[in-house]
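> Dropping the structure in here first, questions after.
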Amino acid sequence: MIELSFGYKNQSSRLPDFFYDVFSASVGGEEGRAIQSLIRELLKTEPDQDLQGCVATDGGDLLGCIMFSRLTFDQDPRRVFLMSPVAVRTDRQQGGIGQKLITFGLDQLRAQGVGFAITYGDPSYYGKTGFLPISEAFAQPPMPLSQPIGWLGQSLSGSQADPMVGPSRCVSAFDRPDLW
Ligand SMILES: CC(C)(COP(=O)(O)OP(=O)(O)OC[C@H]1O[C@@H](n2cnc3c(N)ncnc32)[C@H](O)[C@@H]1OP(=O)(O)O)[C@@H](O)C(=O)NCCC(=O)NCCS
């Protein structure tokens, strides 16, 4: 039976290779290694405060994982998290696990009072879980975007969000222009 858990710490040691396996199968070994090193760096981020995550497991098997890292808008009091990356084990894709994990993770963030979630990816996929295109004026990305069409967000507060005030900062693992 698939179990969703908010918290990634008891799976931390498996996550770099898990993300490598999923991404090398879907987009190639080079991207797999890039995501693997991103995950290693991300796991050095201060947990709870700036890094959260959720996993899907079945017995002892890891089936999926999503990481959420803090995006800080110094001039805006709202708590904002960046949802990235997202991976579902290759042989279990297209079975709804990704959407269930995203919905579950966002519910947990909402319960913590997180006001807004942002992601950077395929609008048609992330649109299935409530993400809509946002402009760079609405929420300034921490770095210039190579694919502004993939800049997506959703309010978690129950009401439409006002634009974010001022520039944003990502956690240090994402402080790499090639990721944006
Ligand atoms: C993208 C990913 C997380 C989706 O998870 P999943 O469990 O396979 O997807 P779900 O079963 O929840 O959703 C399937 C639906 O999403 C669509 N979909 C899946 N991956 C997609 C993608 N990369 N782009 C657009 N649509 C996609 C499917 O066509 C399907 O649509 P339908 O319901 O209309 O038939 C997963 O396929 C994956 O890990 N891919 C490799 C890594 C990756 O690309 N991660 C995202 C970038 S961080």
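> Name the residue farthest towards the positive end of the dipole of the chain from the options Ala25, Phe6, Met164, assuming +1 on Cβ of Lys and Arg, -1 on Cβ of Asp and Glu, about the Cα centre.
Positive-end residue among those listed: Phe6.
> Distance from the Cα centre of region 82-145 to that of region 1-57, in angstrom?
Region 82-145 and region 1-57 have Cα centres separated by 15 Å.
> Most mobile of Gly29, Gly121, Gly95 per a Gaussian network model of the chain (Cα springs, under 10 Å)?
Gly95
> Something else: Give me, ordered by chain and number, the residues 5 or more places off Leu63 or on other chains with an amide H under 5 Å from its own placed amide H.
Distant-sequence amide H within range of Leu63: Ala56, Thr57, Asp58.
> Explain nothing, just the number: relative contact order of region 2-179, from Cα pairs under 8 Å at least 6 residues apart, as a whole percent.
It comes to 22 percent, rounded to a whole number.
> Can I get the semi-axes of the chain's equivalent ellipsoid? Compute them from the C-alpha gyration tensor as square roots of 5 times the eigenvalues, in angstrom, largest first. Intermediate results must be reported in sequence, preceding the final value.
Numbers: eigenvalues 121, 65, 50 Å².
In descending order, the three semi-axes are 25, 18, 16 Å.
> Across region 117-180, what fraction of all alpha-carbon pairs, as a whole percent, falls in each successive 10 Å bin from zero upward?
Result returned by the calculation: 22, 52, 25, 1.
> Further question: Between Ser26 and Leu132, take the C-beta separation as r, use R0 = 25 Å, and let me know the FRET efficiency to the nearest 0.05.
Values: r = 24 Å, r/R0 = 0.98.
Efficiency, from the Cβ-Cβ distance: 0.55.
> Any chance you could give the angle, 0 to 90 degrees and rounded to 10, that helix 15-27 forms with the longest Cα principal axis of the chain?
90 degrees
> Given a Förster distance of 35 angstrom, what is the FRET efficiency for Glu46 paired with Tyr125, based on the Cβ-Cβ distance and rounded to 0.05?
The value I calculate is 0.75.
> Let me ask you something else. Would you mind computing, in nm to one decimal, how far apart the modelled labels at Gln140 and Ser37 are, each placed 7 Å from Cα along Cα→Cβ?
The answer from the label model is 2.9 nm.
Values in this text are rule-based calculations from the coordinates and carry no lab data. Quantities reported herein were computed from a predicted structural model and do not represent experimental measurements. As a convention, Cβ positions derive from the backbone with ideal geometry for all residues, glycine included, and neighbour counts pool all protein chains shown.
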